[in-house]
Amino acid sequence: MASLSLQHINKTYPNGFEAVKDFNLEIEDKEFIIFVGPSGCGKSTTLRMIAGLEEISGGTLKIGDKVVNDVEPKDRDIAMVFQNYALYPHMTVYDNMAFGLKLRKVPKDQIDKMVKEAARILDLEKLLDRKPKALSGGQRQRVAMGRAIVREPKVFLMDEPLSNLDAKLRVQMRIEISKLHERLGATIIYVTHDQTEAMTLGTRIVVMKDGVVQQVDTPQNLYNAPCNLFVAGFIGSPQMNFMDGVVSVNGNEVSIKVGSTTVKLPASKAKALIDGGYDGKTVVMGIRPENVHDSESFIEMSPNSVVESTIKVYELLGAEVYLYFDVEGFPMTARVDPRTTARTGDTVKFALDMEKVHIFDKETELVIT
Ligand code: ATP
């Protein structure tokens with residue numbers, strides 16, 4: 001069993017800086033957990049505490065049932081893969097993968113079996129005699145993975161393992177890692193800056209900010225139901241659009257006034273604002289770019305949520321078009337069909353899909369509905 005339990009984990013560096021604050025997470029066996037968040041939010045520090053490379057200032061870390069706060073890194077049954085995969089340049093691929101096992105005095109025939117099995121899994125069988133300099137970046141990365149795999153650890157920790165690779169290789173390796181996770185049946189904790197990696201690889205994603213966990217959820221839930229403004233803005237690219245507006249309750253009907261533009265909320269969203277006593281208060285309305293439509297049929301269907309604006313930038317990305325404009329001074333992006341006729345300088349009507357809006361409390365920044 002390779003479950004992990006992080007209970008009230010804190011990290012204060014010797015200079016007094018609190019890098020991780022009251023981190024709580026239960027990780028189940030075979031999960032693929034992703035840590036994301038802006039630079040400096042404490043992702044690597046948390047990973048390094050799990051690895052035992054950084055002392056834990058407070059809290060309890062368990063691997064399986066065992067408290068490992070004071071267990072040496074080498075005795076934690078964990079393998080770590082870093083972004084700079086630092087292979088031994090004078091050793092062959094085979095020896096690079098065998099090195100750790102030799103140090104642990106594993107019998108030769110067993111080492112041979114383990115290295116060959118890892119090479120098979122990673123498709124490195126034909127490269128075993130090569131030195132690292134004769135390998136591509138992706139192949140080197142796979143050797144680094146191989147070195148981790150041969151140890152048969154219960155838990156893999158990966159700190160931006162793909163960040164040194166070019167875009168095409170990243171995609172290939174992402175798919176490899178996903179397959180690897182299934183084949184090995186191991187628990188993986190993975191730090192990344194890359195939204196696509198986070199969304200496609202993770203069974204759950206941990207979003208961090210300033211050393212504090214903001215939300216832990218499946219990729220789908222994070223995208224569809226962010227718990228606060230930060231998560232809403234952080235997950236998704238292009239970013240969610242945000243507008244400040246004042247709530248107006250009239251019986252069962254709720255509208256939001258953004259400058260001189262008024263949009264009406266559907267009943268499904270209205271109730272939370274009525275119940276929460278938000279009449280007359282300022283809230284933040286969020287809507288993802290794909291829920292801002294320029295098609296005529298949508299505009300006709302949604303007379304209570306139409307805004308009009310002049311396109312500032314038109315961007316064609318092949319399969320989709322991004323239109324950039326302002327609504328009442330708030331910058332907006334619409335992600336529309338490439339067949340759109342809208343171009344820079346055109347004044348265009350957009351319908352907001354109000355069933356898909358997110359409303360946040362302006363002060364607490366927590367989601368209301
Ligand atoms: P990035 O995405 O840039 O790698 P991160 O989320 O992994 O960032 P960490 O490397 O965990 O962030 O660092 C968290 C915070 O702790 C940062 O503000 C960093 O400056 C600080 N920090 C890291 N190491 C030390 C140290 N040895 N002493 C003091 N502060 C440190």
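The values are calculated or read from the model by the stated rules, or taken from the named source; none is laboratory data. This structure is a prediction, so every number in the text was calculated from the model and none was measured. Because the Cβ atoms are built from the backbone with ideal geometry, glycine has one as well, and the counts that use them run over all protein chains shown.
Which numbered condition trips up T196, out of (1) in a helix (DSSP H, G or I); (2) in contact (Cβ under 8 Å) with a residue 60 or more places away in the chain; (3) of a type in the set (S, T, N, Q)?
(2)
If a residue counts only when it is surrounded by fewer than 17 Cβ atoms within 10 Å (Cβ to Cβ), which strands (runs of 3 or more DSSP E) contained entirely in the stretch 1-113 have at least 1 such residues?
Working: elements: 4-12, 18-27, 32-36, 58-63, 78-81.
Filter on the stretch 1-113 gives 4-12, 18-27, 58-63.
For the stretch 40-71, how many residues meet the condition of being within 8 Å of the ligand (Cβ to nearest atom), over 19 Å from N15 (Cα atoms) and not aliphatic (A, V, I, L, M)?
Going through the stretch 40-71 one residue at a time, the tally reaches 0.
Please state which one of E26, E31 is closer than 22 Å to T218 by Cα, away from the ligand (no atom under 12 Å from the Cβ), in contact with a Lys or Arg (Cβ under 7 Å, 6 or more places away or on another chain) and modelled with pLDDT of 95 or more. Outline the logic, then answer.
Details: E26 fails: in contact with a Lys or Arg (Cβ under 7 Å, 6 or more places away or on another chain).
Unique residue meeting the criteria: E31.
A quick yes/no check of all residues on (1) of a type in the set (D, E); (2) out of contact with any helix residue (DSSP H, G or I) (no Cβ under 7 Å at 6 or more places or on another chain); (3) surrounded by fewer than 22 Cβ atoms within 10 Å (Cβ to Cβ):
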position	(1), (2), (3)
E182	yes, yes, yes
T187	no, yes, no
V231	no, no, no
V249	no, no, yes
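Taking the stretch 274-295 only, how many residues are over 20 Å from F230 (Cα atoms) and touching a residue at least 24 places away in the same chain (Cβ under 8 Å)?
10
Give the stretch 1-23 a look and list any residue that's over 24 Å from L229 (Cβ atoms) and within 13 Å of the ligand (Cβ to nearest atom), or say none. First the steps, then the outcome.
Looking only at the stretch 1-23, we keep the residues that are over 24 Å from L229 (Cβ atoms), and these are 1-17.
Across the stretch 1-23, the qualifying residues are I9, N10, K11, T12, Y13, P14, N15, G16, F17.
Among the residues of the stretch 117-131, write down those that are hydrophobic (A, V, I, L, M, F, W, C), under 32 Å from the mean Cα position of the chain (by Cα) and under 14 Å from A98 (Cα atoms).
Once the filter is applied, which keeps residues that are hydrophobic (A, V, I, L, M, F, W, C), under 32 Å from the mean Cα position of the chain (by Cα) and under 14 Å from A98 (Cα atoms), the stretch 117-131 yields A118, A119, L124.
So which residues in the stretch 323-361 are hydrophobic (A, V, I, L, M, F, W, C) and in contact with a helix residue (DSSP H, G or I) (Cβ under 7 Å, 6 or more places away or on another chain)?
A334, A351, L352, M354, V357, I359, F360
Taking P161, is it in a loop (DSSP other than H, G, I, E, B), within 16 Å of the ligand (Cβ to nearest atom), within 26 Å of H193 (Cα to Cα) and in the same structural domain as E182 (by TED's automatic domain parsing)?
yes
What is the one condition in (1) under 29 Å from N221 (Cα atoms); (2) touching a Pro at 6+ places or on another chain (Cβ under 6 Å) that P132 does not satisfy?
(1) is the only condition that P132 fails.
Of all residues in the stretch 267-280, how many are over 30 Å from the mean Cα position of the chain (by Cα) and either in a loop (DSSP other than H, G, I, E, B) or farther than 18 Å from M243 by Cβ (or both)? Please lay out each step first, then the result.
Let us first name the residues in the stretch 267-280 that are over 30 Å from the mean Cα position of the chain (by Cα), namely 267, 270-271, 274-280.
Remaining after also requiring either in a loop (DSSP other than H, G, I, E, B) or farther than 18 Å from M243 by Cβ (or both): 267, 271, 274-280.
So the answer is 9.
Condition first: assigned to a strand (DSSP E or B) and surrounded by 14 or more Cβ atoms within 10 Å (Cβ to Cβ). Now tell me which residues in the stretch 314-325 satisfy that.
If the condition is that a residue be assigned to a strand (DSSP E or B) and surrounded by 14 or more Cβ atoms within 10 Å (Cβ to Cβ), then Y314, V321, Y322, L323, Y324, F325 are the ones that fit.
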